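The values are calculated or read from the model by the stated rules, or taken from the named source; none is laboratory data. Since the structure is predicted, the reported quantities are computational estimates derived from the model, not experimental observations. For neighbour counting, all protein chains shown are included, and Cβ atoms are generated from backbone atoms with ideal geometry for every residue, glycine included.
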Amino acid sequence: MRVLFVYPGQIRSTEQPLGLMYVSGLLKQHGHETRLFDLTREEDFSFEARFPEIEKRLMDELTSFSPQIVGFSFAVNVFNKAKTLTELIKKYSNTMVIFGGAGPTVEPDRLLVESVADMICVGEGEHAMLDVVAALAADRDMTGIPNIWCKVDGRIFRNDVRPLVEDLERLPWPDRDLIGQQFEEGNIEWVSFISARGCPYHCTYCHNPYLQELYKGKGCYVRLRNIGGLIAEIKDVVAKYNPPRITFSDDTFTFSKQRIMEFCHTYAREIALPFQCQTRANHLDLEICQALKDAGCEGVNIGIEAGNDYIRNQIWERNMSREDIISAFSQAHEAGLKTGSFNIIGAPFEREENIWETIELNRLIRPDSLMHTIFMPFSGSKAKRICEEQGWPMRPPSAPYYQEIILEQPSISPRKVLSFQEMFKLYVYGNRFLYPLFHLLQVLWEHFPEGRKLHHRIYRTVVHQSIQLLRRLCLPA
C-alpha cells in the first residue's frame with residue numbers, strides 16, 4: 001500500500017515530524033511505501049497567498065504517487081489548513097484521509113464533523129495506522145480498530161485506545177528518509193531525537209494530563225528508552241546524514257539523573273556531536289550541567305512560563321519556586337552551557353504587572369535565548385476549562401500560537417498582550433535607559449489602527465521597522 005503523509009506546518013520551519021516518521025518506519029518495515037508532503041517551510045508565508053502553488057504541488061504528488069491513503073498530523077491551530085487540503089484531495093479523488101496528532105486526539109468528534117476526513121487516530125499511531133493500512137488492503141471493516149474513530153454514512157464509530165508500547169525499542173527508528181530531500185538541500189540544521197515518551201507532570205496549559213487520563217490503565221505512560229538503543233540510532237543517523245548537531249525533543253530530558261549521567265558518559269565517548277535539550281528547573285543541578293557540557297551539550301532550554309509565583313504554581317501548576325529557576329540557570333551558566341527560557345504571556349487572570357515580573361525574572365537569569373509565546377487555551381487542557389468556567393470569549397485558533405491571541409479576559413486586553421509579545425526581548429535585553437522609547441513604541445504598536453487603508457499600513461510599517469532596528473542594535477547576536 002502507498003501512504004502519503006501531509007504535515008501542514010505547526011511552529012517553525014526547522015521542526016521535524018517525528019510522529020509521522022515513527023509511523024512511516026513501522027509501515028515500511030511491513031512492506032508499505034510512504035512519502036511526505038511537508039508544508040513547514042511554508043509557515044513563513046501566507047497559506048492563502050501561496051495556495052495555488054500548494055494546490056499544484058499536492059495534485060502533482062497525488063498523481064505521481066497515487067496513494068491509497070493520506071495521513072495528516074497536526075495541532076489544532078492548523079486544523080483549517082488541514083481541512084482545506086483534505087477538501088482539495090477529496091475534490092480530485094476518493095482517497096481515504098485520516099487525521100492524527102495532538103489536535104485530532106483531543107477533539108476527534110469536532111474534527112470529524114467539521115471536515116471531510118474519513119477517520120481520526122486518537123493517541124499514539126504506529127500500530128493503529130498499520131492496522132488501518134492492512135484492513136484497507138484486504139478490504140476489511142475498519143470500524144472496530146483500536147485508537148481509530150471513523151465516519152461511515154454520517155455515523156461516527158468511536159474505539160478505545162490500545163495498550164501503550166512500553167518497550168520503545170520494539171518500535172523501528174523514525175524513517176528519516178521521509179525528509180531526505182531536506183538533508184540533500186542542506187535545510188537540516190538540527191536532527192531531532194526523542195529519548196522518552198510521556199511527561200509525568202500536569203501543567204495546565206499542556207495536553208499531557210489529557211493523555212495521561214486517556215491511557216489510564218493502558219500501561220506506563222512515561223517510558224524511557226534504553227541508552228544503548230538511543231546511542232545506536234544516533235550513530236546510524238550521524239553515519240548516514242552527517243548532521244552538524246542534534247537536538248532532543250523530550251519535554252524533560254534530564255528526568256532521571258542516573259540515566260542522564262549514563263547517557264552523557266556514553267555519548268561523550270562514542271559520539272560527541274554538539275547537541276541541545278530541554279528540561280525543568282527542578283531536574284537540573286551542577287553535576288548534571290557539567291556532565292551535559294562534557295558530553296557536548298551546547299545549550300539547555302528551561303521553562304519559566306511565568307515570573308509570578310501564583311500564576312506559575314497555581315494557574316500553570318508548575319510546582320517550582322523562583323529560587324529553583326534562578327539556581328538552574330546559574331548552575332547551567334557556571335558549567336558553560338548556553339540557556340534558553342520558555343515563557344507564556346496572557347495567562348488566565350494575568351495582569352500587566354505580572355508580565356513585568358516575567359520580564360524582570362528573565363533580566364535576572366540572563367538566558368542566551370528567549371521563547372515567549374502567547375497563551376493558547378488548547379482543547380483538552382485544564383487551562384481551557386478554567387477559561388470556560390469564567391465565561392471568557394474564545395475563538396478557534398487559526399495560526400501558530402505565538403502569532404495570535406484567541407482569548408479575551410478582563411484582567412488584560414488582547415492588544416496589550418500582543419504588544420508585550422512584540423516588545424518582550426527588548427525589555428529583557430535592552431538597557432533601561434531606553435525604556436521610555438520602548439514604552440512609546442509599545443503604545444504605538446498596541447494602538448495600531450485596524451483596517452487596510454494606506455495610512456494604516458504606513459503607520460504599522462514605520463513602527464514595526466523601528467522595533468526591528470532597535471532589536472538589531474540592542475539584542476545579543
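Some observations on this one:
- Looking only at the range 237-262, and only at residues there that are out of contact with any helix residue (DSSP H, G or I) (no Cβ under 9 Å at 6 or more places or on another chain) and charged (D, E, K, R), the one that is nearest to LEU168 (Cα to Cα): ASP250
- Restricting ILE325, ILE304, ILE260, ILE246 to those that are of a type in the set (A, V, I, L, M, F, W, C), surrounded by fewer than 22 Cβ atoms within 10 Å (Cβ to Cβ) and touching a residue at least 24 places away in the same chain (Cβ under 8 Å) reduces the list to ILE246.
- Top-ranked residue in the range 311-338 [being small (Gly, Ala, Ser) and part of a helix (DSSP H, G or I); ranked as nearest to ARG363 (Cα to Cα)]: SER330
- The set of residues from the range 177-193 being at pLDDT below 95 and not aliphatic (A, V, I, L, M) comprises ASP177, GLY180, GLN181, GLN182, PHE183, GLU184, GLU185, GLY186, ASN187, GLU189, TRP190, SER192.
- Contact map, the range 47-58: residues that are in the same structural domain as PRO8 (by TED's automatic domain parsing) paired with residues that are part of a loop (DSSP other than H, G, I, E, B) and modelled with pLDDT under 85, Cβ distance under 9 Å, separation 6+ or inter-chain. Pairs shown: PHE47/PRO8; PHE47/GLY9; PHE47/LEU39; ILE54/LEU39; ILE54/PHE47.
- Selection from the range 188-211 of residues that are surrounded by 19 or more Cβ atoms within 10 Å (Cβ to Cβ) and of a type in the set (D, E, K, R): ARG197
The rows are residues; the columns are (1) over 23 Å from the mean Cα position of the chain (by Cα); (2) polar (S, T, N, Q); (3) at pLDDT below 70.
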residue: MET394; (1), (2), (3): no, no, no
residue: ALA399; (1), (2), (3): no, no, yes
residue: GLN409; (1), (2), (3): yes, yes, no
residue: LEU418; (1), (2), (3): no, no, no
residue: GLU446; (1), (2), (3): yes, no, no
residue: PRO449; (1), (2), (3): yes, no, yes
residue: ARG460; (1), (2), (3): yes, no, yes
residue: SER466; (1), (2), (3): yes, yes, no
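- The requirement of being in contact with a strand residue (DSSP E or B) (Cβ under 9 Å, 6 or more places away or on another chain), surrounded by fewer than 21 Cβ atoms within 10 Å (Cβ to Cβ) and of a type in the set (A, V, I, L, M) is fulfilled somewhere in the range 60-83, by at least one residue.
- Test: residue in the range 297-317 that is farther than 25 Å from PHE375 by Cα and of a type in the set (D, E, K, R): yes
- The set of residues in the range 206-222 being in a loop (DSSP other than H, G, I, E, B) and modelled with pLDDT under 95 consists of CYS206, HIS207.
- Looking only at residues of the range 334-359 that are aromatic (Phe, Trp, Tyr) and over 13 Å from GLY303 (Cβ atoms), we find that the one that is surrounded by the fewest Cβ atoms within 10 Å (Cβ to Cβ) is TRP356.
- Selection count where residues are assigned to a loop (DSSP other than H, G, I, E, B) and touching a residue at least 60 places away in the same chain (Cβ under 8 Å), scope the range 126-175: 5
- So GLN278, is it surrounded by fewer than 14 Cβ atoms within 10 Å (Cβ to Cβ) and either of a type in the set (S, T, N, Q) or touching a Pro at 6+ places or on another chain (Cβ under 9 Å) (or both): no
- Residue list for the range 86-113, restricted to those being of a type in the set (A, V, I, L, M, F, W, C), in a helix (DSSP H, G or I) and under 24 Å from MET376 (Cα atoms): ALA102, VAL106, LEU111, LEU112, VAL113
- Inspection of the range 223-235 identifies at least one residue that is in the same structural domain as ARG385 (by TED's automatic domain parsing), farther than 25 Å from MET320 by Cβ and in a loop (DSSP other than H, G, I, E, B).
- Qualifying position, being surrounded by 13 or more Cβ atoms within 10 Å (Cβ to Cβ), over 18 Å from the mean Cα position of the chain (by Cα) and within 26 Å of VAL76 (Cβ to Cβ), among LEU214, LEU224, LEU230: LEU214
- Residue match in the range 46-68 (condition: at pLDDT 90 or above, assigned to a loop (DSSP other than H, G, I, E, B), more than 16 Å from the chain's Cα centre (by Cα) and on the phi > 0 side of the Ramachandran plot): yes
- Any hit, the range 176-187, residues being over 24 Å from the mean Cα position of the chain (by Cα) and in contact (Cβ under 8 Å) with a residue 24 or more places away in the chain: no
- Only one of the listed residues (ASP131, ASP153, ASP139) is more than 27 Å from ARG110 (Cβ to Cβ) and either among the small types (Gly, Ala, Ser) or assigned by TED's automatic domain parsing to the domain that holds VAL97 (or both). That residue is ASP139.
- Helices (runs of 4 or more DSSP H) within the range 377-446 that include 1 or more residues charged (D, E, K, R) and either in contact with a Pro (Cβ under 7 Å, 6 or more places away or on another chain) or under 30 Å from GLU213 (Cβ atoms) (or both): 382-390
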